[in-house]
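Structure first, commentary second.
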Amino acid sequence: MSATIIDGQKIAEEMTAQIKKESSSLLPKPGLAVIIVGKDPASLLYVKKKEKACQQVAFYSVLIELPEDVSELKLLNQIDALNQNKKIHGILVQLPLPAHINERLVIDSIYPNKDVDGFTPINMGNLLVGDNRLVPSTPRGIMKLIESTGVHISGKHAVVVGRSNIVGKPISLLLQQHGATVTMCHSRTHPLEYYTKQADILVSAVGKPKLISGSMIKKGAVVIDVGINSLNNTLVGDVDFESASTVAGFITPVPKGVGPMTIACLLENTLYAYRQQHL
Ligand code: GUN
């Protein structure tokens, strides 16, 4: 193995310690509400981690667990109550939602100043025009991981695999803002390796276990693996770590790469939202 492992866990712990320090004197405490609909085990695990992180930094946190068959109206009413609740500064609805619920409608009902996921059209639009406020946590975390390597982004070719609203689209905008030339690949891109092999910075966020092998990576590249996939009862990323780490210059592991950064950036966004609401 030649690649340097990017320790997302350590960077996230440092960020969390800083957030704890900054918020220790704040009263009332920053408050985050997380809503989960249904009992998907992976989603439940993620929201419990978010709740635990709030406890670590002494934020006020509320976890609202709704049944799989909850009506769209009930969910919207719940969000409206949180929009009005002065103790809550951030609202997060864990995705995906069950098929009978209109995801866009639900996201759009969150007040933009409490939208700590940065998924509302207002926050997404601000990001698009380069006025970064509440920026989605995973892409923000990815930028911090890339910056931690010391590799300059400006002038580099960044290739993003995946075009989701949560990761692919916002990370491509952030990389572009930092001066990268960005290529976006997705399920129709063919052949994928033609593009990935050109990447100085490669970000994969598609949720396909071991999609990217070492032979698809440029020597010395920064490789960021956003995938969290279960394969034969073990957690693997979109990148085949074993072969990729012989070629890449820097690589994130799965777990302990991007995942902890998403949570640390969510805490940062909650603190930012709190400050905006207490100006
Ligand atoms: N599901 C997967 N990632 C995320 C995220 O960052 N935020 C929310 N709300 N749901 C998700």
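Points to keep in mind about this one:
- Rounded to whole Hz, the Karplus (6.51, -1.76, 1.60) HN-Hα couplings of the stretch 82-97, x for glycine and proline: 6, 4, 8, 6, 5, 7, 9, 10, x, 10, 10, 9, 5, 9, x, 9
- In terms of its alpha-carbon gyration tensor, the stretch 54-209 comes out prolate; a/c meets the 1.5 threshold, and the first ratio a/b outweighs b/c.
- Dividing the summed -39500 (n - 2.57) terms of all DSSP H runs of n ≥ 4 by the residue count of the chain sets its mean residue ellipticity at 222 nm at -12000 deg cm²/dmol.
- Positive minus negative residues near Q277 (Lys, Arg vs Asp, Glu; Cβ under 9 Å): +3
- Each Cα pair under 8 Å and six or more residues apart adds its separation to the average, and for the stretch 1-95 the resulting relative contact order is 37 percent.
- Note, ³J(HN,Hα) from phi for the stretch 239-250, Karplus 6.51, -1.76, 1.60, rounded to Hz, x at Gly and Pro: 9, 7, 4, 4, 6, 5, 6, 7, 10, 5, x, 9
- For the chain, the Rg and Dmax computed from alpha carbons only, in angstrom: 18.7, 54
- Under 5 Å from the amide H of V93 lie the amide H atoms of I35, each residue being 5 or more positions distant or on a separate chain, with H modelled from the backbone and absent for Pro and chain starts.
- FRET efficiency, N132 to K86 (Cβ-Cβ, R0 30 Å, nearest 0.05): 0.70
- At full extension, Q9 and Q177 could sit 57.9 nm farther apart than now, given 0.36 nm per residue minus the alpha carbon distance.
- Backbone HN-Hα couplings from phi across the stretch 206-218 [Karplus 6.51/-1.76/1.60, Hz, Gly and Pro as x]: 10, x, 10, x, 6, 4, 9, 9, x, 5, 9, 10, 6
- Cα shape, the stretch 28-77, gyration tensor, a/c 1.5 rule: oblate
- Relative contact order computed over the stretch 147-273 (Cα-Cα under 8 Å; 6+ residues apart), in percent: 20 percent
- For the stretch 13-158, size of Cβ-based charge dipole, Lys and Arg +1, Asp and Glu -1, in debye: 480 debye
- The alpha carbons of the stretch 1-128 occupy a box of 48, 44, 32 Å along the principal axes, longest dimension given first.
- Annotation: extensible slack from S213 through L76 equals 45.0 nm (criterion: 0.36 nm per residue apart, minus Cα-Cα distance).
- Amide H partners (placed H, <5 Å) of T4, local residues excluded: F250, I251
- Listed from fewest to most Cβ neighbours within 10 Å, the set H100, H178, H89 follows the order H100, H178, H89.
- Relative contact order (percent, whole number), the stretch 137-192, Cα cutoff 8 Å, 6+ residue spacing: 39 percent
- Put simply, the C-alpha atoms of the stretch 177-279 give a gyration tensor, and the ellipsoid matching it has half-axes of 28, 18, 13 Å, longest first.
- For the pair the stretch 152-212 and the stretch 217-279, the centres of their Cα atoms are 14 angstrom apart.
- Under 5 Å from the amide H of K218 lie the amide H atoms of A199, each residue being 5 or more positions distant or on a separate chain, with H modelled from the backbone and absent for Pro and chain starts.
- An oblate overall shape is assigned to the stretch 1-65, the ratio a/c of its alpha-carbon gyration tensor axes (a ≥ b ≥ c) being 1.5 or greater and a/b not exceeding b/c.
A short reminder: the numbers here are calculations on the coordinates, not readings from a lab. Predicted model only: the values in this text are computed from it and were never measured. Note that we place each Cβ from the backbone using ideal geometry, even for glycine, and neighbour counts take in every protein chain shown.
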